[in-house]
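What follows is a set of notes on a single structure, which appears directly below.
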Amino acid sequence: MLKRDDMLRILDELLTPQAFRDYCPNGLQVEGREQIRRLVTGVTACQALLDAALIEEADAVLVHHGYFWKNEEPAVRGMKKQRLQTLLRHDLNLFAYHLPLDAHPELGNNAELGRRLGVEVTGALRDDGIGLIGRLPEPMSALEFARLVEDAVGREALHIGEAEDEIETLAWCTGAAQGFIEQAQALGVDAYLSGEISEPTVHFARETGIHYFAAGHHATERYGVQAVGEWLAAEYGIEHVFIDIDNPV
């Protein structure tokens, strides 16, 4: 069992949120009971995850996508009111880490995705450590790589490029990071992988020759929060359950 404030300190030391200029507060977003015996992790603190956490008799929920985003409507009503009411009524803690969970070199979303793809990491995509670059164990066709991605994340990837082209080097950044394709292309890699895709992404990939793979925002960001939950369980003896609330995006 961990005290709430101890878990916050441990997570802050692990994920160093102070190093990032983020779009939301990182750390303990909603305070609940003091003692934490059972932790539920998930990608997004949606109502379905909170309801599932109550069924699991969790004391705390740890997510990648929490609340109180920059420029969001501050009034507590509707969906926001229902979510906060669930947490407060049941004395349930909500911890959320956004960019810090993307960037952690061992347990982060990008590190975990690279591990599942079997990529040798050779560097960072950005100076803040968000996004990685690497090399496949051996060259493969773009079609073969798309199948590798599907096997890794359980979702068919949308591929922009010629299926028979050979891929060996790539950059990747999970979630809504399609805009980093220009940085990836400037590094000279064969392909860039992210979660989402925008209309301009297609034209940039076609006109510069870099392959682009969109493998799903949710699908690519399921692994970091799981890894942190498993680490907490192993290091501090709490119970951990990951709950995947399906999201096709």
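Got a sec to turn the phi values of the stretch 185-193 into Karplus ³J(HN,Hα) couplings, 6.51 cos²θ - 1.76 cosθ + 1.60 with θ = phi - 60°, whole Hz, x for Gly and Pro?
5, 5, 7, x, 6, 6, 8, 10, 10
Can you list, largest first and rounded to whole Å, the semi-axes you get for the chain by taking the square root of 5 times each eigenvalue of its Cα gyration tensor?
Details: eigenvalues 233, 67, 51 Å².
For the chain, the semi-axes come out at 34, 18, 16 Å.
Carbon-plus-sulfur fraction of the accessible area of the chain, 1.4 Å probe, in percent?
Numbers: 5520 of 11670 Å².
Reported share for carbon and sulfur atoms: 47 percent.
Given only helices, namely DSSP H runs of n ≥ 4 each adding -39500 (n - 2.57), what is the per-residue ellipticity at 222 nm of the chain, to the nearest 500 deg cm²/dmol? Walk me through the intermediate numbers first.
Working: 10 runs with 93 residues, N = 249.
Result for the chain: -10500 deg cm²/dmol, rounded to the nearest 500.
For residue 211, enumerate residues with amide H under 5 Å from its amide H, sequence gap 5+ or separate chain, H modeled in the peptide plane.
191, 192
Determine which lysines satisfy two conditions relative to residue 70: a Cα distance under 24 Å, and not lying fewer than 8 residues away in the same chain.
Leaving aside lysines fewer than 8 places away in the same chain, those within reach of residue 70 are 80, 81.
Given a 1.4 Å probe, how much area per residue of the stretch 162-238 is accessible, in Å²? The partial results should precede the final answer.
Working: 3050 Å² over 77 residues.
The answer is 40 Å² per residue.
Could you tell me the relative contact order of the chain? Use alpha-carbon pairs under 8 Å, at least six residues apart, and round to a whole percent.
RCO, the chain: 21 percent.
Once you have the Cα-Cα distance between residue 10 and residue 235, take 0.36 nm times their residue separation minus that, and quote the gain in nm to one decimal. Walk me through the intermediate numbers first.
Numbers: separation 225, 0.36 × 225 = 81.00 nm, distance 1.06 nm.
Gain on extension, residue 10 to residue 235, equals 79.9 nm.
The values are calculated or read from the model by the stated rules, or taken from the named source; none is laboratory data. Since we're looking at a predicted model, the values are computed, not measured. Accessible surface areas use protein heavy atoms only, side chains included; no ligands, DNA or RNA. Shrake-Rupley method; radii C 1.70, N 1.55, O 1.52, S 1.80 Å.
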